[in-house]
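Structure record follows, encoded as structure tokens.
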Amino acid sequence: MQIQADPKQEPTLVGIQTALATVFPDEETRPSLRAFNEWKARKYFPSIKIGKRVFLDPVLVRKALEKRFTIHAIEEVSA
């Protein structure tokens, strides 16, 4: 019996440009590669470096960016 890996649980590691395109699919509103690299340098999201290559998990990148940049609305308290 062979066990199949669930693709939803398996992390997908991709390059920086692919991660940028995956997290921000709309080219017109996508941040620049330079800004994305700056966020990586500031450790806004996790990355894996193997030799000179850098890999990202787009799901983790999105979660980290949502956590850092989400602005929550102020709820009004009725008196």
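Of all residue pairs spaced 6 or more apart or on separate chains, none has beta-carbon atoms under 6 Å together with a first member in segment 55-79 that is touching a residue at least 60 places away in the same chain (Cβ under 8 Å) and a second member that is surrounded by fewer than 17 Cβ atoms within 10 Å (Cβ to Cβ) and of a type in the set (G, A, S).
Of all residues being of a type in the set (A, V, I, L, M) and loosely packed, with under 10 Cβ neighbours inside 10 Å in segment 17-66, which is farthest from the chain's Cα centre (by Cα)? Just the residue, please. If we take residues in segment 17-66 being of a type in the set (A, V, I, L, M) and loosely packed, with under 10 Cβ neighbours inside 10 Å, then I50 is farthest from the chain's Cα centre (by Cα). Residue pairs whose Cβ atoms lie under 9 Å apart, separated by 6 or more positions or on different chains, with the first residue in segment 35-54 and closer than 13 Å to R68 by Cβ and without any contact (Cβ under 8 Å) to a residue 40 or more places away in the chain and the second among the aliphatic types (A, V, I, L, M) and assigned to a strand (DSSP E or B), are K40/V54; K40/L56; F45/L56; P46/L56. If you take just the helices (runs of 4 or more DSSP H) that sit entirely in segment 14-79, which of them hold at least 3 residues that are of a type in the set (K, R)? By residue number, 58-69.
Has segment 67-74 got any residue that is modelled with pLDDT of 95 or more, among the hydrophobic types (A, V, I, L, M, F, W, C) and within 14 Å of the chain's Cα centre (by Cα)? So far as segment 67-74 goes, no, none of its residues is modelled with pLDDT of 95 or more, among the hydrophobic types (A, V, I, L, M, F, W, C) and within 14 Å of the chain's Cα centre (by Cα).
The values are calculated or read from the model by the stated rules, or taken from the named source; none is laboratory data. Predicted model only: the values in this text are computed from it and were never measured. Cβ sites come from the backbone with ideal geometry, for glycine too, and all protein chains shown count toward neighbours.
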